[in-house]
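Here is the structure we will look at, set down as structure tokens.
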Amino acid sequence: MQEAAQEAVRFIDLNLLSVLFLFVVGFIGGLVSGFIGSGGAFVLTPGMMSLGVPGAVAVASNMCHKFPKAMVGAYKRFKYGQVDLKLGITMAATAAIGVQVGIRIQQWILSVWGEAGSDLYVSLAFVVVLVSVGGYVFRDARRLAKYGGDEKTSSLAKRLQSIELPPMIHFKTANVRISFWFTVPVGFATGMLAATIAVGGFIGVPGMIYAIGASSLVASATELVIAFVMGFAGSVNWAIHGMVDIRLTLIILAGSLLGVQLGAIGTTMVRQHVIKAVMGTIMLIVAMSRAMAVPKYLGKLGLVEVPADLGDLLSKLSFATMCAGLGVGAAMILGAMWKSRVKEAQPTEAKEVLEKSYEAAR
Amino acid sequence: MARQQEEAGRPVGKMVLFGAITAGLYGAVFAHSDWVMEHFTRGAWYAALPVATVFLFSFVHGAFASHLWSVLGVGVSRKPAQPSPRKTRRLVRRRRPQPQLRLNA
């Protein structure tokens with residue numbers, strides 16, 4: 001297996017275009033991850049595969065870039081006082097169990113329905129989870145943007161916090177006191193989703209906001225800690241099997257370390273509903289992208305008849321939509337940061353005029 | 001004046017230093033990519049090589065990226081990102097308390 005991996009890794013042709021593609025997607029992915037805590041790297045695996053990288057090597061190299069990126073992002077946001085380390089470690093511990101269960105389910109589906117069945121399961125999981133959770137996050141963001149006001153703790157989180165089920169844990173930065181047992185399903189679901197669609201944060205961040213009661217700022221920052229812990233364990237596992245193409249990892253890392261820090265800085269500039277809006281938008285576009293891939297897998301399973309041309313077209317459209325989702329998210333972040341900078345600059349000019357008038361009066 | 005002070009505080013030297021180290025590290029890996037690929041994909045205990053490499057790169061390149069954004073003037077917002085209760089502003093300038101000579105007899 002290791003020899004096969006080595007052969008596969010050796011034969012990847014790296015030209016200027018592929019290096020540029022990986023760098024740019026790495027940067028945009030880093031920007032989104034630094035801002036919403038996750039969700040920036042899902043384009044990279046299919047992107048690398050489209051460049052001719054074998055699936056396992058693409059997953060391994062992507063994961064190996066994700067954990068240092070998450071580490072740098074978490075450190076940056078920790079300095080801004082946004083990371084709840086205790087919550088992150090608690091969630092990561094239960095997420096690890098979720099990953100193992102998720103892998104077992106995947107293996108079982110693969111043995112019963114084959115590769116097409118496994119792909120269909122992944123796509124359906126994408127669509128169901130992202131439409132339901134993403135839709136809720138997006139609606140909440142729109143409500144906050146429309147009516148203004150502060151972000152409020154959800155009624156579910158308030159109810160869970162009021163139940164005294166030992167051991168109760170106080171998460172200082174998140175300013176939440178909740179039973180450990182209510183963090184378990186959130187962490188478990190995060191791990192399960194990470195093992196299924198490779199982006200656990202799409203359930204981890206909304207889970208921390210709506211079930212545990214953390215703010216979106218703290219939840220998105222804490223997700224980076226979970227991503228680091230899970231990514232590190234996964235990368236070591238892939239590296240032991242010799243599957244990591246360090247060249248690919250380093251090229252993506254070159255872009256993503258620039259992006260993740262810009263995204264982290266961005267969180268200090270915008271209102272919290274922007275984090276929810278970006279997350280909800282990306283989730284809904286990605287769900288749409290995966291929905292496009294469903295007919296192809298149904299056709300492979302023989303459940304419906306799909307012409308080969310249509311299947312290929314839908315696959316290409318699906319990948320393009322996924323890239324568009326990441327692009328739209330990045331544009332929303334940069335737009336919000338730009339607006340904030342312009343707003344911030346205005347009072348400074350007024351202050352300068354005021355100071356000049358003071359000096360003139362003297 | 002304030003802008004000049006701000007620019008003077010930007011870490012250009014550190015950015016150049018970490019940028020040069022980053023470029024050197026990338027150059028070293030890609031100049032010897034055959035040797036690197038041969039050893040880094042051996043698996044087992046050799047797994048430490050790619051993991052240690054990404055840690056090293058994330059430290060050096062991460063420091064460069066941080067200084068780069070500072071030099072470009074993209075820093076943490078001075079205003080709080082979240083709404084906070086409005087503080088009442090003092091309309092009248094108060095004089096600072098001055099030390100006064102007192103004789104306690």
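Where a number appears in this text, it was derived from the coordinates with a stated rule and is not lab data. Model, not experiment: these values are computed from the prediction. Every residue, glycine among them, receives a Cβ derived from its backbone with ideal geometry; neighbour counts consider all protein chains shown.
Annotation for segment B:31-62 versus segment A:180-198: alpha-carbon center distance of 30 Å. If you wrap the tightest convex hull around every Cα atom of segment A:40-108 and split its volume per residue, you get 98 Å³. Each residue in B:Lys14, A:Lys158 was given a count of other beta-carbon atoms within 10 angstrom of its own, and listing them fewest first yields A:Lys158, B:Lys14. For chain A, find the longest principal axis of its Cα atoms and tell me its angle to the long axis of helix A:55-79, 0 to 90°, nearest 10. For A:55-79 against chain A, the angle is about 10 degrees.
Taking every residue in A:73-83 and counting other chain Cβ atoms within 10 Å of its Cβ, the average works out to 1.
Given +1 at the Cβ of Lys and Arg, -1 at the Cβ of Asp and Glu and no other charges, the dipole of segment A:287-351 around its Cα centre is 280 debye to the nearest 20.
Taking the highest mean first, how do the peptides B:42-49, A:233-240 order by number of other beta carbon atoms within 10 angstrom per residue?
Ranking, from highest mean packing down: A:233-240, B:42-49.
Within 10 Å of the Cβ of each residue in A:153-161, the mean number of Cβ atoms contributed by other protein chains is 0. For segment A:235-362, the share of alpha carbon pairs falling in successive 10 Å distance bins from zero is 11, 21, 24, 22, 11, 6, 4, 2, 0 percent. Across segment A:20-150, Cα-Cα pairs farther apart than 20 Å form 63% of the total.
A crude spin-label estimate for the pair A:Glu359 and A:Ala233, with each label 7 Å from Cα along the Cβ direction, gives 6.0 nm. Using the average count of surrounding beta-carbon atoms within 10 Å as a protection proxy, the listed peptides A:163-174, A:327-338 rank, highest first, as A:327-338, A:163-174.
When only alpha carbons of the protein assembly as shown are considered, Rg and Dmax amount to 24.8, 106 Å.
Under 13 Å from the Cβ of A:Val131, count the other residues' Cβ atoms, weight Lys and Arg +1, Asp and Glu -1, and hand me the total. Neighbour charge sum, excluding A:Val131 itself: +2.
Which whole number in µm²/s is D for segment A:187-251 by Stokes-Einstein, with the Kirkwood Rh taken over Cα pairs at 4 °C and 1.567 mPa s? Intermediate values should be presented prior to the final figure.
Details: Rh = 12.8 Å.
Approximately 101 µm²/s, per Stokes-Einstein.
On average, how much area does the Cα convex hull of segment A:85-219 cover when viewed from any direction, in nm²?
Numbers: hull surface 34.4 nm².
Average of the hull's projected areas for segment A:85-219 equals 8.6 nm².
For a paramagnetic label modelled at 7 Å from the Cα of A:Lys158 toward its Cβ, which residues of segment A:204-242 fall within the zone defined by backbone nitrogen distances under 15 Å? Residues A:210-214 fall inside that zone. Pairs over the 22 Å Cα-Cα cut-off, from the set A:Lys76/B:Lys14; A:Lys79/A:Lys146; A:Lys76/A:Lys276; A:Lys79/A:Lys152: A:Lys79/A:Lys146; A:Lys79/A:Lys152.
P(r) tail for segment A:126-192: Cα pairs beyond 17 Å make up 58% of the total.
For segment A:123-134, the Karplus equation 6.51 cos²θ - 1.76 cosθ + 1.60, evaluated at θ = phi - 60°, returns couplings of 5, 5, 4, 3, 5, 5, 5, 5, 5, 5, 6, x Hz by residue, with Gly and Pro reported as x. Using the Karplus relation 6.51 cos²θ - 1.76 cosθ + 1.60 with θ = phi - 60°, the per-residue 3J(HN,Hα) values for segment A:167-172 come to x, 8, 10, 9, 9, 5 Hz, with x marking Gly and Pro. Rounded to the nearest 10 degrees, the inclination of helix A:246-267 to the longest alpha-carbon principal axis of chain A is 30 degrees. Per residue of peptide B:31-38, the mean number of Cβ atoms on other chains within 10 Å of the residue Cβ is 2. About its Cα centre, chain A has a charge dipole of approximately 1140 debye under the convention of +1 per Lys or Arg Cβ and -1 per Asp or Glu Cβ, with nothing else charged.
For chain A, the mean residue ellipticity at 222 nm estimated from helices alone is -28000 deg cm²/dmol, where every DSSP H run of n ≥ 4 contributes -39500 (n - 2.57) and the total is divided by all residues, rounded to the nearest 500. The label-point distance for A:Val24 and A:Val328, in a model that sets each label 7 Å from Cα toward Cβ, rounds to 1.9 nm. Both the radius of gyration and Dmax for segment A:272-319 are 14.4, 46 Å, in that order, over alpha-carbon atoms.
Suppose R0 equals 35 Å. What FRET efficiency, 1/(1 + (r/R0)^6) with r the Cβ-Cβ distance, do B:Ser33 and B:Val12 give to the nearest 0.05? Intermediate values should be presented prior to the final figure.
On the way: r = 32 Å, r/R0 = 0.90.
E(calc), rounded to 0.05, equals 0.65.
Taking the longest Cα principal axis of chain A as reference, the axis of helix A:272-300 is set at about 10 degrees.
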